[in-house]
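Step one of this worksheet: look at the structure below.
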Amino acid sequence: MLTTEQIEIVRPGDDRYDEARSAWNLAADLNPAAVAYPTTAQDVASIVTYAREHGLRVTGHGTGHNAAPHGDLSDTVLIKTERMRGVEIDPDARRARAEAGVLWAEVTAPASEHGLAPLSGSSPNVGVVGYFLGGGVSLGLARRFGVAANSVIAIELVTADGRLRRVDSDHDPELFWALRGGGGSFGIVTAIEFELYAVPELYGGVMLWPADRAREVFEAWVSFTRTAPDAFTSTARLLNVPDMPEVPELVRGRQLVAVDGVYVGPADDGAALIEPFRALRPEVDGFGPLPPVALSYVHMDPEDPMPGCSDSQLLDDVTSATIDRILAAAAPTPESPLGIVELRHLGGALRRRPKGAGVVGSFEAEYLAFAAGPAFDPASTAAVEAQLALVRDALAPEDSGREYMNFAERARDVGKFFGTQDAARLRALKARVDPDGTVVANHPV
Ligand SMILES: Cc1cc2nc3c(=O)[nH]c(=O)nc-3n(C[C@H](O)[C@H](O)[C@H](O)COP(=O)(O)OP(=O)(O)OC[C@H]3O[C@@H](n4cnc5c(N)ncnc54)[C@H](O)[C@@H]3O)c2cc1C
């Protein structure tokens with residue numbers, strides 16, 4: 001038994017086990033040896049030490065947004081950090097510190113009161129730690145400020161030896177390098193410190209058209225991305241909105257094409273930049289001046305747990321021919337199993353690797369494609385998988401050959417995330433800090 005009695009541990013057979021083993025992605029079927037709920041870094045150290053001494057592995061879990069690749073975890077203690085929710089904002093230093101269970105909305109809201117924003121992603125309830133460990137592509141700020149992991153200042157973690165450490169550019173720089181993009185293989189993170197950015201003026205939102213306008217909207221978006229300034233980060237999406245009562249009536253059960261984005265700068269300049277989209281007379285035009293906290297909501301990501309499967313690719317380019325192939329493979333119809341086919345514009349500062357960056361410090365790709373659908377049962381899962389395969393084939397000519405860990409919700413060759421040289425460097429580090437393989441991750445190195 002664990003000696004620290006305050007730590008709640010749930011085991012197979014306990015009443016709460018099914019609830020405890022569930023992840024945000026309800027399609028992930030995890031069967032861990034135990035689920036532990038630490039409230040402090042010391043609790044995490046006790047759990048790691050106990051597991052190692054009992055021949056068990058450990059894995060960190062903020063929300064389970066990317067739990068699907070894990071496998072069944074039957075020899076692993078799943079450390080759910082959801083009770084570690086402390087957030088500190090230092091507006092003068094423009095820094096934040098978040099404990100391991102903090103969700104993005106819990107940082108973006110208080111930071112926004114000071115006109116500041118972290119490089120958070122599109123969802124308000126993705127975990128801060130899991131997001132940074134995979135790299136981090138901010139919805140509205142990515143092209144202006146680069147890969148989110150470059151904004152990390154320090155990481156506190158418990159390594160496989162049970163030791164609590166704080167790593168930064170001066171303290172174990174190799175481990176600090178690996179943690180910024182290399183995932184959860186190197187220890188259980190207990191807290192993370194990162195930069196906030198002054199964004200006094202933001203202009204952004206979403207526009208919607210019926211899906212039969214998809215070709216012209218996608219063409220307009222691609223031509224917009226050819227000249228968009230780094231201060232503008234945007235996405236274009238095909239949406240197949242579920243016909244469910246909780247969905248707003250305006251979009252419920254409809255097939256739509258959407259463009260959303262954020263310009264870091266004055267409203268007049270932002271409005272001038274999006275004029276080509278206004279000229280296409282959207283049915284809904286939600287662009288306007290935004291407070292920083294709105295960056296967490298522009299993309300309207302689902303917040304409630306749901307079962308889903310997805311696929312993604314990093315693309316060198318998108319052309320008219322690509323759009324033809326996407327629409328042939330996945331034009332939204334009421335019968336289509338996919339809920340979303342999305343293209344995000346990368347480039348800008350995302351291509352620039354700053355000195356001292358982590359393993360994922362930049363992306364040598366111009367677009368990020370993502371497609372997903374609900375996976376309620378074997379039949380719907382098979383239908384989604386079949387259509388995801390069509391989308392993957394459709395994008396094959398532009399595929400960069402690399403992949404992005406945070407958007408990979410299935411097991412992948414790590415060479416695709418990091419390149420062979422950096423993958424080997426990560427493995428060498430893993431052998432040094434965790435020779436017995438005590439710490440496992442959804443995407444192990
Ligand atoms: C709706 C939605 C929107 C998204 N939007 C974006 C976006 O805009 N940009 C982007 O880059 N990504 C985005 N993502 C992807 C997201 O960043 C990844 O799914 C990320 O891994 C989620 O982290 P988490 O902690 O919430 O999830 P989890 O599944 O809990 O964690 C993912 C992995 O991180 C590691 N991990 C988590 N916590 C710890 C810890 N304390 N110690 C050690 N390892 C740990 C583990 O290996 C774990 O398996 C989105 C995902 C979804 C579902």
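Here are some conditions: (1) under 18 Å from the mean Cα position of the chain (by Cα); (2) open to solvent by 20 Å² or more (accessible area, probe 1.4 Å). Phe417 meets all but one. Which one does it not meet?
Of everything listed in (1) under 18 Å from the mean Cα position of the chain (by Cα); (2) open to solvent by 20 Å² or more (accessible area, probe 1.4 Å), Phe417 misses just condition (2).
If you scan segment 134-166, which residues turn out to be open to solvent by 20 Å² or more (accessible area, probe 1.4 Å) and assigned to a helix (DSSP H, G or I)?
Arg144, Phe145, Asn150
Which pairs have Cβ atoms under 6 Å, sit 6 or more apart or on different chains, and link a residue in segment 360-375 that is without any contact (Cβ under 8 Å) to a residue 40 or more places away in the chain to one that is outside any strand (DSSP E or B)?
Close Cβ pairs (under 6 Å, with a partner that is outside any strand (DSSP E or B)) do not exist here.
Sort out which residues of segment 225-261 are open to solvent by 30 Å² or more (accessible area, probe 1.4 Å) and basic (Lys, Arg), and write them in order of number.
Result: Arg226, Arg252, Arg254.
Confirm whether Val433 is open to solvent by less than 50 Å² (accessible area, probe 1.4 Å), closer than 30 Å to Glu53 by Cα and without any contact (Cβ under 8 Å) to a residue 40 or more places away in the chain.
Working: open to solvent by less than 50 Å² (accessible area, probe 1.4 Å): yes; closer than 30 Å to Glu53 by Cα: yes; without any contact (Cβ under 8 Å) to a residue 40 or more places away in the chain: no.
Against the criterion (open to solvent by less than 50 Å² (accessible area, probe 1.4 Å), closer than 30 Å to Glu53 by Cα and without any contact (Cβ under 8 Å) to a residue 40 or more places away in the chain), Val433 does not qualify.
Would you pick out the residues in segment 9-40 that are among the aromatic types (Phe, Trp, Tyr) and open to solvent by 10 Å² or more (accessible area, probe 1.4 Å)? Give the derivation first.
First, the residues of segment 9-40 that are among the aromatic types (Phe, Trp, Tyr): 17, 24, 37.
Passing the criteria: Tyr17, Trp24.
Can you list the strands (runs of 3 or more DSSP E) lying wholly within segment 41-126 that have 1 or more residues being open to solvent by less than 30 Å² (accessible area, probe 1.4 Å)? Show your work before the answer.
Values: elements: 57-61, 76-80, 87-90, 95-99.
In segment 41-126, 57-61, 76-80, 95-99 are the strands (runs of 3 or more DSSP E) which contain 1 or more residues that are open to solvent by less than 30 Å² (accessible area, probe 1.4 Å).
Criterion first (surrounded by fewer than 17 Cβ atoms within 10 Å (Cβ to Cβ), at pLDDT 95 or above and more than 27 Å from Trp177 (Cβ to Cβ)) does Glu398 satisfy it?
Numbers: surrounded by fewer than 17 Cβ atoms within 10 Å (Cβ to Cβ): no; at pLDDT 95 or above: yes; more than 27 Å from Trp177 (Cβ to Cβ): yes.
No, not satisfied.
Quick check on segment 47-78: of everything there that is among the polar types (S, T, N, Q) and either without any contact (Cβ under 8 Å) to a residue 60 or more places away in the chain or within 13 Å of the ligand (Cβ to nearest atom) (or both), which residue is farthest from Gly130 (Cα to Cα)? Explain how you work it out, then say what you get.
Pass one, segment 47-78, residues among the polar types (S, T, N, Q): 49, 59, 63, 66, 74, 76.
Adding the requirement that they be either without any contact (Cβ under 8 Å) to a residue 60 or more places away in the chain or within 13 Å of the ligand (Cβ to nearest atom) (or both) leaves 59, 63, 66, 74, 76.
Values: Thr59: 12, Thr63: 8, Asn66: 8, Ser74: 21, Thr76: 18 Å.
Across segment 47-78, the extreme among qualifying residues is Ser74.
Considering (1) closer than 28 Å to Thr59 by Cα; (2) assigned to a helix (DSSP H, G or I), say which one Leu395 fails and leave the rest.
Among (1) closer than 28 Å to Thr59 by Cα; (2) assigned to a helix (DSSP H, G or I), Leu395 violates only (1).
If Leu175 meets every condition in (1) more than 9 Å from the ligand (Cβ to nearest atom); (2) assigned to a strand (DSSP E or B); (3) touching a helix residue (DSSP H, G or I) at 6+ places or on another chain (Cβ under 7 Å); (4) open to solvent by less than 10 Å² (accessible area, probe 1.4 Å) apart from one, which number is that one?
For Leu175, the exception is condition (2).
The values are calculated or read from the model by the stated rules, or taken from the named source; none is laboratory data. Since the structure is predicted, the reported quantities are computational estimates derived from the model, not experimental observations. Here Cβ is always computed from backbone atoms with ideal geometry, including for glycine, and neighbour counts include all displayed protein chains. To get the accessible areas, we keep the full protein, side chains included, count just its heavy atoms, and leave off ligands, DNA and RNA. Shrake-Rupley method; radii C 1.70, N 1.55, O 1.52, S 1.80 Å.
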